[in-house]
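Asker: Quick one: the structure is below, and I'll ask about it shortly.
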Amino acid sequence: MPTLAQSFGEALAAAGMDTHGMLPRQLCRQCGKPLNGDGGHPAELYAGTFTGLCYSCQNSGRYVVETYPDGARLLSFPPHCPSWRRDREEYIAYENCPDCQGKGHITVSRSCSQGGPYPIHCSRCLTRFYKTQER
């Protein structure tokens, strides 16, 4: 029976990954531009950092992904630390929330020697959202 690592490796190989961990050329799932089209953005196609987004779309400003019947919005933000993770961050938000002012997250202050500031989900927005969803 193959190990998990072997199965994962086989899946990546089936996706076209080469021996250096690079996936085949493809288009950004948001704007359609070729990923690493200029050859200067290998992280766009590297299996360990692949998100399907080009740097422009990855780092674009906040936008609404979905609006729910109760007024909640699913917001997508650029990564707060793209050198660590390239994926966009999503938060549930209510525009009238006094804690997060409609952003869906609160920034925890921390010194740079401790790793710097980072966002956490707004507990008031999440609690309100999960209480109003149909079960």
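Asker: Any idea what diffusion coefficient the stretch 61-135 gets from Stokes-Einstein, in µm²/s, Kirkwood Rh on alpha carbon pairs, 4 °C, 1.567 mPa s?
Answerer: For the chosen part, D equals 98 µm²/s.
Asker: What residues have an amide H closer than 5 Å to that of residue 35, excluding those fewer than 5 places away on the same chain, when H is modeled at 1.01 Å from N in the peptide plane?
Answerer: Excluding prolines and chain starts, which carry no amide H, the hits are 26, 27, 28.
Asker: Whole-Hz Karplus ³J(HN,Hα) for the stretch 114-131, in order, using 6.51 cos²θ - 1.76 cosθ + 1.60 and θ = phi - 60°, x for Gly and Pro?
Answerer: 9, x, x, x, 8, x, 10, 4, 6, 5, 5, 5, 5, 4, 4, 4, 6, 6
Asker: Moving to a separate point now. Test of understanding: in a Gaussian network model of the chain with alpha carbons linked when under 10 Å, which of 67, 107, 19 would top the mean-square fluctuation ranking?
Answerer: Judging by the Gaussian network model, the answer is 19.
Asker: Next question. If you look at just the Cα atoms of the stretch 1-70, how large are its Rg and its Dmax in Å?
Answerer: That works out to 15.5, 49 Å for Rg and Dmax.
Asker: Ranked by Cβ crowding within 10 angstrom, fewest neighbours first, how are 129, 77 ordered?
Answerer: So the ranking, lowest neighbour count to highest, is 77, 129.
Asker: Mind checking which of 45, 12, 125 is farthest towards the positive end of the chain's charge dipole, using Cβ charges of +1 (Lys, Arg) and -1 (Asp, Glu) about the Cα centre?
Answerer: The residue sitting farthest along the positive end of the dipole is 125.
Asker: Using the number of other C-beta atoms within 10 angstrom as an exposure proxy, rank 90, 10 with the fewest first.
Answerer: Lowest count first: 10, 90.
Asker: Something else now. With viscosity set to 0.890 mPa s and temperature to 25 °C, compute the Stokes-Einstein D of the chain, Rh being the Kirkwood radius across alpha carbon pairs; µm²/s, no decimals.
Answerer: The diffusion coefficient I find is 141 µm²/s.
Asker: GNM on the chain, C-alpha springs below 10 Å: top fluctuator among 69, 82, 119?
Answerer: 69
Asker: Run the dipole for the stretch 54-135 about the Cα centre, Lys and Arg Cβ at +1, Asp and Glu Cβ at -1, nothing else charged, and hand back the magnitude in debye, nearest 20.
Answerer: Computed about the Cα centre, the dipole is about 180 debye.
Asker: For a quick check, take a GNM of the chain with Cα springs below 10 Å and name the residue from 21, 39, 102 with the largest mean-square fluctuation.
Answerer: 39
Asker: Quick one: which residues, 5+ away or cross-chain, put their amide H under 5 Å from the amide H of residue 89? H built at 1.01 Å from N.
Answerer: For residue 89, the qualifying residues are 77.
Asker: Taking θ = phi - 60°, what integer Hz values does the Karplus form 6.51 cos²θ - 1.76 cosθ + 1.60 yield along the stretch 25-37, in sequence order, with x for Gly and Pro?
Answerer: 4, 7, 9, 4, 6, 9, 10, x, 6, x, 5, 6, x
Each value in this text was obtained by applying a stated rule to the coordinates, not by laboratory testing. No experiment lies behind these values; they were computed from the predicted model shown. Note: ideal-geometry Cβ built from the backbone for every residue, glycine included; neighbour counts use all protein chains shown.
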